[in-house]
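Chemist: A single structure is presented below for examination.
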């Protein structure tokens, strides 16, 4: 994605957040209402924000359409809003996102054996570096190490395979980062994708600190929905620079939409009943952005 002359790159935004001891909020969208709710909150607070499109969301929204939407907002308002290809699972899908103009990409091979994860991740990193050099861009590549589940939805229990025993080990993270050359790492530190109805597991800030010290690169917390505020604060203090939220805003959207339809049972114009869903998302995002950016 083309950067404006006076617009900071995502790399610079992350570096600033790290230096300030805050984190950049990353929120996924599936439609225009989600984008409006997230962007309204970020603009209100004047803080940078990252929009995420997973492979499934990207298929629904459109790869090029997503790029065009973020580019239009960025250029119209000169605002630090960025687009991330969230959880892409193949080199081909990562390459397509980079070619389309995304600011960052996530290659998720966490379920593969370590050697295969390293090989595929490095292939993506090498391609991003090639594009960056050829077209004077700065596409960031993130990878995931340690399994935290895969579904951004309401869960009855913690996903199988997610436990303290399977959290990312600092020594493995160091080896992985050195072998791949990634810009950011998403570790398993007690987090899970989705929201567990009975309550999400507690995070492990000490493990975050150990991994950050071992790798020396920005860390990203996936599966932030449903996490306790104090766990967010502690993990940001110990090296988390980006926090992903998805399920919380999906739930807010649905509740807002259901309430609007209940109040307007005969209304058929979407632009009349959808604002309530937009407002519901905005409230959730504003609260999270205040927490991540230490805004009182």
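The values are calculated or read from the model by the stated rules, or taken from the named source; none is laboratory data. All values reported here derive from a predicted model rather than from experimental measurement. With ideal geometry, Cβ positions are generated from the backbone for all residues, glycine too; neighbour counts draw on all protein chains shown.
Chemist: What tally of residues in region 63-83 results from selecting those that are closer than 26 Å to residue 144 by Cα, without any contact (Cβ under 8 Å) to a residue 60 or more places away in the chain and surrounded by 17 or more Cβ atoms within 10 Å (Cβ to Cβ)?
Modeler: Residues in region 63-83 being closer than 26 Å to residue 144 by Cα, without any contact (Cβ under 8 Å) to a residue 60 or more places away in the chain and surrounded by 17 or more Cβ atoms within 10 Å (Cβ to Cβ): 3 in total.
Chemist: Also: So, in region 106-124, of the ones that are surrounded by 22 or more Cβ atoms within 10 Å (Cβ to Cβ) and modelled with pLDDT of 95 or more, which residue ends up farthest from residue 146 (Cα to Cα)?
Modeler: 124
Chemist: Looking at region 255-296, which of its residues are free of Cβ contacts under 8 Å to residues at least 12 places away in the same chain and closer than 30 Å to residue 192 by Cβ?
Modeler: Passing the criteria: 258, 287, 296.
Chemist: Please give the helices (runs of 4 or more DSSP H) falling wholly within region 179-296 in which 3 or more residues are touching a helix residue (DSSP H, G or I) at 6+ places or on another chain (Cβ under 6 Å) and crowded, with 20+ Cβ neighbours inside 10 Å. Write out each step before concluding.
Modeler: Values: elements: 205-215, 229-237, 247-263, 270-273, 275-292.
Because the criterion is at least 3 residues that are touching a helix residue (DSSP H, G or I) at 6+ places or on another chain (Cβ under 6 Å) and crowded, with 20+ Cβ neighbours inside 10 Å, the helices (runs of 4 or more DSSP H) in region 179-296 that meet it are 205-215, 247-263, 275-292.
Chemist: Could you give every pair whose Cβ atoms fall below 7 Å, whose first residue belongs to region 1-13 and is closer than 9 Å to residue 103 by Cβ, and whose second residue is modelled with pLDDT under 75, counting only separations of at least 6 or pairs across chains?
Modeler: Listed by first residue and then by second, the contacts come to 9/3.
Chemist: Something else about it: Going by what's in this entry, would residue 122 be described as assigned to a helix (DSSP H, G or I) and farther than 19 Å from residue 14 by Cα? Full working, then the answer.
Modeler: Values: assigned to a helix (DSSP H, G or I): yes; farther than 19 Å from residue 14 by Cα: yes.
So residue 122 fits the description; yes.
Chemist: Among the listed residues 54, 30, which satisfies the condition of being closer than 13 Å to residue 244 by Cβ and surrounded by fewer than 24 Cβ atoms within 10 Å (Cβ to Cβ)?
Modeler: Of 54, 30, the one residue that is closer than 13 Å to residue 244 by Cβ and surrounded by fewer than 24 Cβ atoms within 10 Å (Cβ to Cβ) is 54.
Chemist: The conditions are (1) assigned to a strand (DSSP E or B); (2) modelled with pLDDT under 95; (3) within 20 Å of residue 281 (Cβ to Cβ), and residue 152 fails exactly one of them. Which is it?
Modeler: (1)
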